[in-house]
Amino acid sequence: MALEGKIKDFGMTDILQLIGMQKKTGILTLTSDQDTVTVTFENGMVVAAESYHKGKGRLLGQILVRAELITDQDLERILAVQKETGQKLGHILIQEKMVHRKDLSSIIQLQVRETVFKIFEWKEGDYRFEQVPVNYDKDNTAPIPCDGILMESMRLTDEWPLVRRVVSSDVLVFKKADEKRADKALAGDIDSAIDMMFDESQQNKSLKDRGKALQKDFPLSHEEEKIYSLVDGERSVRKLVDISLIGEFETSKALFNLVSAGLILPVGEEPPVLGVEEIDRKRRRVRKILRNLAAYAIMLSAVLFLFTASRRPGAGILFDVTRNMAYRFELIRQVHALQEMDRILSASKVYYLETESFPGALNDLVQEIILEKNEVVDPWGEAYRLEVKGRTITVRSSGEDRREGTDDDLLAETRL
């Protein structure tokens, strides 16, 4: 019996949770007015995904062409070989020495993730899951747990609005900013680069004398270095996404961080002349973003570990499935709350460094533009509680029951 219905009634999160927990094998087909997508599962893990949007734009062969790894003529030739021999496209690419096996595996996983993440944006459409034997490139495909996809989709949903303030269109073109400032940042001296962004006199100071202690904390990430090397004043955001092969979100996020650090800017724009208050606001904003990068990566790893450790095999009974789904949704909320509490602690440290005093309330962090208003409210709709005793900062949440002093309370603290 097939699982089918409307996406507005039973969303992608519910569908993936159900298939993942019951370890189903089969094909999920999703259709809308704009696209048709198929997602292949084996034992509850995602092993393939294809979109037929605008003439198969996200199929593997087209991705390789747009990345300039093969030509249109190469693709036509290997597709002809595939049709004649029935071999997998990946096998032919490796056999013809067009792509290395390791690179192909990464590209296939990227294609699968990008295709699945796009589905989470759908508000309307139909879905149908059929339990059938599946056929995919097992030699070059690493199965992806549904839990990992769900957590990654949450991260994208959380960060995309901020990123899109800067990277608002895929036709935007960016260019490198002042080369001296860029060289300092690429050397790892991010704090000096930020200072140089607002104070030209800083350019004459040596790298050794400025921000040496911060060099280890805020180097450019691998993705940021890659995108910076590709920015040339001519390539659009879409072209950078295609040739970088790190995905649309990671490319856009790297561009956002590079713009925030003053290393690149949109073609046709020049760095604005800022007043003192605006300079202070920009400094705090950039420092907040940079300080959260490493913490966020660690938190995401911990989240994925928690989900793996908490997997409960479905018993095949509707009651057990419903109970497990409720358990996992609550776990997601708890992990999200802990992540936000850690962010509040980090924001409190930044506040202390900027003002040489402790925040008296969460509103102080909002007024200083270190946090947004929605970042001081927990997943259950209650405001977090901030306490400062001596040099110890504590953040608390009452949890699902919204009552203090019960078993589901959450706590995070740090000492300055």
Handout entry: Hits in the stretch 145-159 (condition: more than 17 Å from residue 16 (Cα to Cα) and more than 8 Å from the chain's Cα centre (by Cα))
Key = 158
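Yes or no, residue by residue, for (1) part of a helix (DSSP H, G or I); (2) free of Cβ contacts under 8 Å to residues at least 24 places away in the same chain; (3) closer than 13 Å to residue 116 by Cα:
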{"site": "4", "(1), (2), (3)": "no, no, no"}
{"site": "10", "(1), (2), (3)": "no, no, no"}
{"site": "14", "(1), (2), (3)": "yes, no, no"}
{"site": "24", "(1), (2), (3)": "no, no, no"}
{"site": "29", "(1), (2), (3)": "no, no, yes"}
{"site": "37", "(1), (2), (3)": "no, no, yes"}
{"site": "41", "(1), (2), (3)": "no, no, yes"}
{"site": "46", "(1), (2), (3)": "no, no, yes"}
Exercise for the section: Exactly one condition in (1) surrounded by 17 or more Cβ atoms within 10 Å (Cβ to Cβ); (2) not in a loop (DSSP other than H, G, I, E, B) is not met by residue 363; state its number. Expected result: (1)
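No lab work stands behind these numbers, since they all come straight from the coordinates. This is a predicted model, so every value here is computed, not measured. Heads up, the Cβs are rebuilt from the backbone with ideal geometry, glycines too, and the neighbour counts pull from every protein chain shown.
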